[in-house]
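The values are calculated or read from the model by the stated rules, or taken from the named source; none is laboratory data. Bear in mind that the values here come from a model prediction, so they are computed numbers and not experimental data. Note that each Cβ is placed from the backbone with ideal geometry, even for glycine, and that neighbours are counted across all protein chains shown. The protein model used for the area step is the full one, side chains on, heavy atoms only, and it has no ligands, DNA or RNA in it. Shrake-Rupley method; radii C 1.70, N 1.55, O 1.52, S 1.80 Å.
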Amino acid sequence: MFSIEEFIIAVFCCVDDVLIEITQVYPIKRRGFAPSLRESEVLTMEVVAEFLGIDADKDIWKYFHRHWLGLFPQLKSRYAFIRQAANCWQYKELLQQKLAQILGAFSEQLHLIDGLPIPLCGFSRAPNCRSFKSQADYGFCAAKQQTYYGFHGHLIISGTGVISGFTLTPANGSEREALWDLITRVKGLLIGDKGYLSQFLSGELEGMGINLQTPLRSNMSDSRSQSSVRLMQRFRRLIETVIGQLVERFHIEKIRARDMWHLTSRLNRKILAHTVCFWLNRHNCDPLQFDDLVTEY
C-alpha cells in the first residue's frame, strides 16, 4: 500500500493534523529553549519505528539519523531526541484517544476487554530485580502457566478492533478494579473472560448501560443460547489478535525502562502506533491486517 517513505509521510500527516487540534485545547508547555524538532516529527519517528519493530529509543534515533535525515533535517543529538520523546508521553495518549474517537470506537455497541502480562523478569530473577520496587509485584500468567514479576496491562477494544483504553497495574492487580478505568466512555455489550465474572459487577455495570458477558465456570448452568455463546467466543478472538500484534509487532511485553515516566511513554507510543496503523489501513476490508501496509522496507 505504501512505500516506507510514503508511510513516514502518511504517519506525519495523520499525527500533525490531530496534534494541531489537540494543542489548541492542551497547549504544549516548554521550559528553556524550544527543541529543534517539532513534536509531530518526534511522534512520527516513534510510530514508524514501532511499526518496523524498532522500539529502543537509541535505535530509533540511529535509524532515522542514518536513513532519513533528509526528511528530518533538524534531528540533532540522541539525548535531546530521547528526552523530547519522553516529554510527549501525555500527547501520545491524547492523540490515541482522539484517533479512537474519530474511528468511532466509543460510539460502538460492542467492546472487548482482556489483559496481558508485562514482566520485568521471571520468578527466579525477581529477588535481584531493582527496577520499580514500589510499583511492580508478583503475578500469575494463566496462558503461560507461570509466575512472573512485573506488571499487568488491561486493554479494551471496540468491536472493529480499535483500542479504546489501556491501563497498567502491578502483576497482581485486580482485573475488575482496573475495568473502571477503561469503561468511562463506552456503552453496550462488553465481553470479557472469566476474570470479570461477578454478579455484583454485572449489576453495577448494567446501571451504567453496559451489558457484561463472560464465559461461565464449568459448575455453573448457562441459560444463554448456544449460538450466542459461540458468537461471543468468536468475537473474543478479535482482542486476542490485537494483543498478539501488540506483543509480536510492537513488543509491548518488553519493559526497556527504569522509571514510570519512561515506561508510560513507551506504552503510550505502542498503543498510539497500533491505532495510527489502523487509521491508515481503515479502508482495507481487514484494517487489522498490518503486514501489507508497507510494501517495501
Counting only residues that are open to solvent by 10 Å² or more (accessible area, probe 1.4 Å), give me the helices (runs of 4 or more DSSP H) lying completely in segment 38-155 with at least 3 of them. 57-67, 78-87, 89-102
Expected single match for farther than 28 Å from R176 by Cβ and hydroxyl-bearing (S, T, Y) among T214, T275, T295, T264 is T295
Among the numbered criteria (1) over 21 Å from I252 (Cβ atoms); (2) exposed (fewer than 14 other Cβ atoms within 10 Å of the Cβ); (3) at pLDDT below 95, which single criterion is violated by G209? (3)
Sort through V25, V18 and tell me the only one that's aliphatic (A, V, I, L, M), out of contact with any Pro (no Cβ under 6 Å at 6 or more places or on another chain), modelled with pLDDT under 95 and open to solvent by 10 Å² or more (accessible area, probe 1.4 Å). V25
Answer yes or no as to whether D222 is surrounded by fewer than 17 Cβ atoms within 10 Å (Cβ to Cβ) and under 24 Å from the mean Cα position of the chain (by Cα). no
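Condition (residue is farther than 21 Å from H65 by Cα and either touching a Gly at 6+ places or on another chain (Cβ under 9 Å) or not hydroxyl-bearing (S, T, Y) (or both)) applied to segment 33-46: is it met by at least one residue? Step through it out loud before you land on a result.
Filtering segment 33-46 down to residues farther than 21 Å from H65 by Cα leaves 33.
Still in the running and either touching a Gly at 6+ places or on another chain (Cβ under 9 Å) or not hydroxyl-bearing (S, T, Y) (or both): 33.
Checked segment 33-46: at least one residue is farther than 21 Å from H65 by Cα and either touching a Gly at 6+ places or on another chain (Cβ under 9 Å) or not hydroxyl-bearing (S, T, Y) (or both).
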Output the residue which, of all residues in segment 248-266 that are open to solvent by less than 40 Å² (accessible area, probe 1.4 Å) and either modelled with pLDDT under 95 or aliphatic (A, V, I, L, M) (or both), is farthest from D57 (Cα to Cα). I252
Can we say G203 is under 19 Å from P117 (Cβ atoms), without any contact (Cβ under 8 Å) to a residue 24 or more places away in the chain, open to solvent by less than 80 Å² (accessible area, probe 1.4 Å) and outside any loop (DSSP other than H, G, I, E, B)? no
